[in-house]
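Chemist: After the structure tokens below, expect a handful of questions from me.
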Amino acid sequence: MSPRRAIFALVLLLAVAGCAKQVLSPDLSETTGATAGGATAGGATAGGATAESASSRNAAAARMAARYLGAPYVWAGSSPAGFDCSGLVMYAFGQVGVAVPHNAAQQFRLGTPVDRDRLVPGDLVFFNQLRHNGIYLGGGRFVHSTKPGGVKIARLDDDWFRTRWVGARRL
């Protein structure tokens, strides 16, 4: 194979991979020792916050992520210098005090499932066999980091996202 074809094949492979980095087990305990969190009886979350304060915190994470519109896509990136999809989620939630792993499939194990028609700002949205995710902003829009384009806003009803919808989680 010529060097030119090899470079083309590598670029094509990276473009198709998106922000998947590596397909990891969604089982958090295998790599982080963490367990999937969720609501407990009495309306408190696993961290002790009420549902109302968790909602406010999640909305703050969504606003935090949106501050980085235009930041570049960087494979495995998780800082304002550059983000991949799960790195943006990890960073934004970390800024509001919620630690999440740097892997979309593992992030999908956190929180509680949310129906698409019940999304609120700050819910995590997942696509493409858990290879891509973002943070819901409201009004059918979400913020994510993608190649090409970096951090940007997209609509859930855009064809690519609508046809590759996996689900949503509320932390």
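The values are calculated or read from the model by the stated rules, or taken from the named source; none is laboratory data. All values derive from a computational prediction rather than experimental measurement. For neighbour counting, all protein chains shown are included, and Cβ atoms are generated from backbone atoms with ideal geometry for every residue, glycine included.
Chemist: Could you please find all residues in segment 100-149 being in contact (Cβ under 8 Å) with a residue 60 or more places away in the chain, polar (S, T, N, Q) and surrounded by fewer than 22 Cβ atoms within 10 Å (Cβ to Cβ)?
Modeler: T112, N128, T146, listed by residue number.
Chemist: Scan segment 66-99 for residues that are crowded, with 20+ Cβ neighbours inside 10 Å and either assigned to a helix (DSSP H, G or I) or of a type in the set (K, R) (or both) and report the count.
Modeler: Adding up the residues that qualify gives 9.
Chemist: How about segment 60-106: which of its residues are closer than 16 Å to D123 by Cα, aromatic (F, W, Y) and out of contact with any strand residue (DSSP E or B) (no Cβ under 6 Å at 6 or more places or on another chain)?
Modeler: Across segment 60-106, the qualifying residue is only F93.
Chemist: Further question on the same structure: Could you tell me whether G149 is of a type outside the set (F, W, Y) and at pLDDT below 95?
Modeler: Answer is yes for this residue.
Chemist: Pairs, please: C-beta under 9 Å, at least 6 apart or cross-chain, first residue modelled with pLDDT of 50 or more and in segment 41-58, second among the charged types (D, E, K, R)?
Modeler: These pairs meet every condition: A49/R57; A54/R170; S55/R170; N58/D123; N58/R170.
Chemist: Let me ask something else about it. Evaluate segment 143-164: report whether one residue or more is over 15 Å from F108 (Cβ atoms), assigned to a helix (DSSP H, G or I) and of a type in the set (K, R).
Modeler: Looking for residues that are over 15 Å from F108 (Cβ atoms), assigned to a helix (DSSP H, G or I) and of a type in the set (K, R), one finds at least one in segment 143-164, hence yes.
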